[in-house]
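Reading through the structure tokens given below for one structure.
The values are calculated or read from the model by the stated rules, or taken from the named source; none is laboratory data. None of the values given here were measured: they were computed from a predicted structure. Neighbour counts are summed over all protein chains in view; Cβ atoms, including those assigned to glycine, are modelled from backbone coordinates with ideal geometry. Areas reflect the complete protein model, heavy atoms only, side chains present, ligands, DNA and RNA absent. Shrake-Rupley method; radii C 1.70, N 1.55, O 1.52, S 1.80 Å.
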Amino acid sequence: MTEALNRRRFMSAAGCVCVGFAVDRVWGSSPAGGQSRPADMAVTHDPDPRAATERALAAVIGGAALVERGSVVLVNANTAFQSRGSIVRPQVLLAVLRRCFADGAARVELAKAVPEGYWNPVADEAGAAELIRTVRLCPTRMHDTELPGAERLGVARCLVALGEADHLINVSIAKDHVGVRFSGALKNVMGLTAFRPTNLFCHRGADPDRKDTDIDHLAACIAELNLLRRPDLHVLDATEFLISNGPRGPGPLGRADLVLASRDPVAADVRAMAVVGRTLGDVPVIAHATALGIGTVDMSSLVVLDEAPENPSAEPGNGTGIG
């Protein structure tokens, strides 16, 4: 893919909102359940996070490839913290990386570094060590990018790699957030941007001396940052997560053993926030994102495969640390 095409797709991504138009929904069946086309969103349930992730990917991708052969892939994974339930589990991230390489990616880069010991739970898996050595951290170079259609953020300072990669995969975790109440697919975009000036402005608005967070302003800015570039796929880890004191933790954990894969970040967040105990009224980012055309809250407009148990709720988790 040429550099010019990369730039053009990067700048025009704000207008590319691709959600399903089918009205049928597939509930409680496996990815081999026979839906006529790949699901727009899959929710898989398994105590093995790797198996759940692989099934979710298969349900949404179908017989196609996730990435093109010879392509460069940027994976924006939420791995910024240390506490258990605050970051994507390594089994989920490793399954995504395996799929990228299996489809023939030439290079896969992570937008965020992982904490020390992060890969330990999967170190003994076949081929894991070599794959982990192959994946690199993307260059930290930033540049300012205009956000057409954004009212709060005219410009965002983001990773140069965001515009250079052929594919973007968003890998987030469902968890509590003390500010906007829920962190998931939409919130994870902030991992691609600079603290100064972009993230600081998102939290404090135009007043640099403000000490607290302007919650509605932050929610609106998160939605607008999703205009930077639409990811090829959102993978949302709802296996084990903070139910309070997020996003950093430590804090009490919930466990649902769910992994979501979705073309639509709004739909993914709406589905995952219920597991964390949040409603639409609790999470202001959703209204801002739907107003911008980022996605839909109307599940009847999507083909959804959902393996979750009937009336799912998060069971209490336990423990601290990475794993």
Restricted to the stretch 291-323 and to residues being under 29 Å from HIS217 (Cβ atoms) and open to solvent by less than 50 Å² (accessible area, probe 1.4 Å), the residue modelled with the lowest pLDDT is MET299
Residue list for the stretch 174-200, filter: in a strand (DSSP E or B) and free of Cβ contacts under 8 Å to residues at least 60 places away in the same chain = THR193
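For (1) open to solvent by 50 Å² or more (accessible area, probe 1.4 Å); (2) in a loop (DSSP other than H, G, I, E, B); (3) not aromatic (Phe, Trp, Tyr), each residue gets a yes or a no:
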residue	(1), (2), (3)
ALA206	yes, yes, yes
LEU218	no, no, yes
GLU224	no, no, yes
PRO231	no, yes, yes
VAL235	no, no, yes
GLY246	no, yes, yes
ASP257	no, no, yes
Which condition does THR213 not pass, out of (1) out of contact with any strand residue (DSSP E or B) (no Cβ under 9 Å at 6 or more places or on another chain); (2) part of a strand (DSSP E or B), if it passes all the others?
-> (2)
Name every residue in the stretch 57-89 that is without any contact (Cβ under 8 Å) to a residue 60 or more places away in the chain and either farther than 23 Å from ALA267 by Cβ or touching a Lys or Arg at 6+ places or on another chain (Cβ under 8 Å) (or both), in order of residue number.
-> GLY62, ARG69, GLY70, THR79
Top-ranked residue in the stretch 43-59 [being over 15 Å from the mean Cα position of the chain (by Cα) and open to solvent by less than 60 Å² (accessible area, probe 1.4 Å); ranked as farthest from ALA161 (Cα to Cα)] | ASP46
Reported set for the stretch 188-203 where residues are farther than 22 Å from ASP166 by Cα and either touching a helix residue (DSSP H, G or I) at 6+ places or on another chain (Cβ under 8 Å) or open to solvent by less than 10 Å² (accessible area, probe 1.4 Å) (or both) is THR198, ASN199, PHE201, CYS202, HIS203
Within the stretch 177-203, restricting attention to residues that are modelled with pLDDT of 95 or more and among the charged types (D, E, K, R), which residue is farthest from the chain's Cα centre (by Cα)?
-> ARG181
Name the one entry in ALA113, ALA80 that is closer than 23 Å to ALA194 by Cα, touching a helix residue (DSSP H, G or I) at 6+ places or on another chain (Cβ under 9 Å) and outside any helix (DSSP H, G or I).
-> ALA80
Does GLY281 qualify as being surrounded by fewer than 23 Cβ atoms within 10 Å (Cβ to Cβ) and free of Cβ contacts under 8 Å to residues at least 24 places away in the same chain?
-> yes
Would you mind finding the one in VAL171, VAL108 that is assigned to a strand (DSSP E or B), more than 23 Å from PRO247 (Cβ to Cβ) and not hydroxyl-bearing (Ser, Thr, Tyr)?
-> VAL108
PRO121 versus (1) out of contact with any Lys or Arg (no Cβ under 7 Å at 6 or more places or on another chain); (2) on the phi < 0 side of the Ramachandran plot; (3) open to solvent by 10 Å² or more (accessible area, probe 1.4 Å); (4) not in a helix (DSSP H, G or I): which is the lone unmet condition?
-> (4)
For LEU74, are the conditions met, namely being assigned to a helix (DSSP H, G or I) and modelled with pLDDT of 95 or more?
-> no
Can you name every residue in the stretch 124-154 that is surrounded by 13 or more Cβ atoms within 10 Å (Cβ to Cβ), hydrophobic (A, V, I, L, M, F, W, C) and part of a strand (DSSP E or B)?
-> MET142
Within the stretch 69-98, which residues are under 19 Å from ARG50 (Cβ atoms) and out of contact with any strand residue (DSSP E or B) (no Cβ under 9 Å at 6 or more places or on another chain)?
-> PRO90, LEU94, ARG98
